[in-house]
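The values are calculated or read from the model by the stated rules, or taken from the named source; none is laboratory data. All figures in this text were calculated on a predicted structure; none of them were measured in a lab. Methodologically, a virtual Cβ is constructed for each residue, glycine included, from the backbone with ideal geometry; neighbour enumeration extends over all protein chains shown.
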Amino acid sequence: MRHGQTHCVRELKSMESWPETCSTSSAPARRLTVWRKSLLFNSHGYTVFDDADGRIVFRVDNYAHDWRRHTLLMDSHGNVLLTIRRCRPNILNLRESWKVYEGDEDTQTMSKDERLRPLFKATKHLGSSSCSISMFADRGSVKSLGGYRMSWSREKEWSKIYQADPNTLVAEVSRKYGSSVTKNLLDKDVLALTVHPGMDQALTMAMIMITNSMSG
């Protein structure tokens, strides 16, 4: 993979079974609607729709009280794409950090060694509404593939993801407006997500979920 290139999970893992969640560089930006609610009764999570045709792209359904600490990002059929897990803080490192794994990290078909190697790691910057993302090849190889930087504003209700090198905007999310006629803000749990060409939508959604769970 070339230095400075955005990442697609399908390319990182050479996974033919991975859904097509990464558009080509010549394609237009993908626009998604993120509803910070699960469609299941009394469940926490997200439901993500494609603005082009209204179909469900991703979903998160969780009944656990502390669901933000361990979350599964699924496709519309309930297949687990990514496991998002918060790391336990320790006395040597008090910064919030999260690890994201390909598939269901808890599955019995995955070895213990594989479960210890993430797809990427997000680490919050102290005293700042931002964090850095380190991508890894071959399920957490020590070889880094570069990464991303995320920043957000709770007050203005937006989040942005930049490719670290070069400093290029690859995705952004904000409150969603209604029709072009009314232009009214929708409910605070309804967001507009734009994923720019070449960026994987599943990775983007995982990063957005992490920023929503980070403090500050």
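Close contacts from region 152-165, counting a first residue that is farther than 21 Å from L126 by Cβ and a second that is at pLDDT 90 or above and basic (K, R), with Cβ to Cβ under 6 Å and a gap of 6+ residues or different chains, come to E157/R175. State yes or no: is V170 closer than 18 Å to R30 by Cβ, in contact with a Gly (Cβ under 8 Å, 6 or more places away or on another chain) and surrounded by 15 or more Cβ atoms within 10 Å (Cβ to Cβ)? Yes: the conditions hold for V170.
For region 11-21, the count of residues that are closer than 23 Å to T211 by Cβ, outside any helix (DSSP H, G or I), small (G, A, S) and at pLDDT below 75 is zero. Within region 193-206, the residues that satisfy the criterion of being under 16 Å from V48 (Cβ atoms) and either in contact with a strand residue (DSSP E or B) (Cβ under 6 Å, 6 or more places away or on another chain) or exposed (fewer than 15 other Cβ atoms within 10 Å of the Cβ) (or both) are L193, T194, V195, M199, D200, Q201, A202, T204, M205, A206. Hey, any hits in region 37-45 for a residue that's under 22 Å from A192 (Cβ atoms) and either part of a strand (DSSP E or B) or at pLDDT below 65 (or both)? Yes, the conditions are met somewhere in region 37-45.
Annotation note: Cβ proximity below 7 Å between a residue of region 76-104 that is closer than 18 Å to L126 by Cα and a residue that is among the polar types (S, T, N, Q) (sequence gap 6+ or interchain) occurs for C87/S97; R95/T123; E96/S215; S97/T123. Check whether at least one residue in region 102-109 is charged (D, E, K, R), at pLDDT 70 or above, exposed (fewer than 11 other Cβ atoms within 10 Å of the Cβ) and assigned to a loop (DSSP other than H, G, I, E, B), and report yes or no. No, region 102-109 contains no residue that is charged (D, E, K, R), at pLDDT 70 or above, exposed (fewer than 11 other Cβ atoms within 10 Å of the Cβ) and assigned to a loop (DSSP other than H, G, I, E, B).
Please work out if D187 is among the acidic types (D, E), out of contact with any Pro (no Cβ under 8 Å at 6 or more places or on another chain) and surrounded by fewer than 19 Cβ atoms within 10 Å (Cβ to Cβ). For D187, the condition - among the acidic types (D, E), out of contact with any Pro (no Cβ under 8 Å at 6 or more places or on another chain) and surrounded by fewer than 19 Cβ atoms within 10 Å (Cβ to Cβ) - is met.
The single residue among S215, S179 that is over 13 Å from the mean Cα position of the chain (by Cα), under 18 Å from W98 (Cβ atoms) and exposed (fewer than 15 other Cβ atoms within 10 Å of the Cβ) turns out to be S215. For region 120-130, residues that are at pLDDT below 90 and of a type in the set (A, V, I, L, M) total 1.
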